[in-house]
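Okay, structure first, notes after.
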């Protein structure tokens, strides 16, 4: 598994229940090598402009994602998970999309004084 891979993993939902869903691997985290991930959802109405990224099933790269329908990579749905809750890799995103997501996250976290 590597950064930019889309995997199925168990994530806590807002109601506290675990749900297996597609997530994007963003970065391994110290000290134990757990993964910083963000959730991928099919509810497109939750899109935050200039933050989230839409993966449209009509796009040329969509097949590589392993997703079955147009979906939203939600940077506001972050979690740190261990490999034991990852079911397996289903696909990946392009390096351009990965870079855009990381830049969006950095811009959001940047301190503006």
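What follows draws every value from the coordinates through simple rules; no lab data is involved. These figures come from a predicted structure and were not determined experimentally. Cβ atoms come from the backbone with ideal geometry, glycine included; neighbour counts cover every protein chain shown.
Descending by average beta-carbon neighbour count within 10 Å, the peptides 43-50, 79-86, 65-72, 21-28 line up as 21-28, 65-72, 79-86, 43-50, the highest first.
The helix-only estimate of mean residue ellipticity at 222 nm for the chain, built from DSSP H runs of length n ≥ 4 each weighted as -39500 (n - 2.57), is -4500 deg cm²/dmol after division by the residue total.
The average projected area of the chain, computed from the convex hull of its Cα atoms over all directions, is 8.0 nm². Label point of residue 87 set 7 angstrom out along Cα-Cβ; within the stretch 40-59, amide nitrogens under 18 Å from it belong to 40-43. The gain in end-to-end length when the residue 19 to residue 70 segment is fully stretched comes to 16.4 nm, 0.36 nm per residue minus the alpha carbon separation.
Comparing 97, 73, 40 in a Gaussian network model of the chain, where Cα atoms under 10 Å apart are tied by springs, the biggest mean-square fluctuation is seen for 97. What is the distance in Å between the Cα centres of the stretch 76-109 and the stretch 34-69? Distance between centres, Cα-based: 10 Å. With the simple model of a label 7 Å out from the Cα in the direction of the Cβ, residue 57 to residue 110 spans 3.6 nm.
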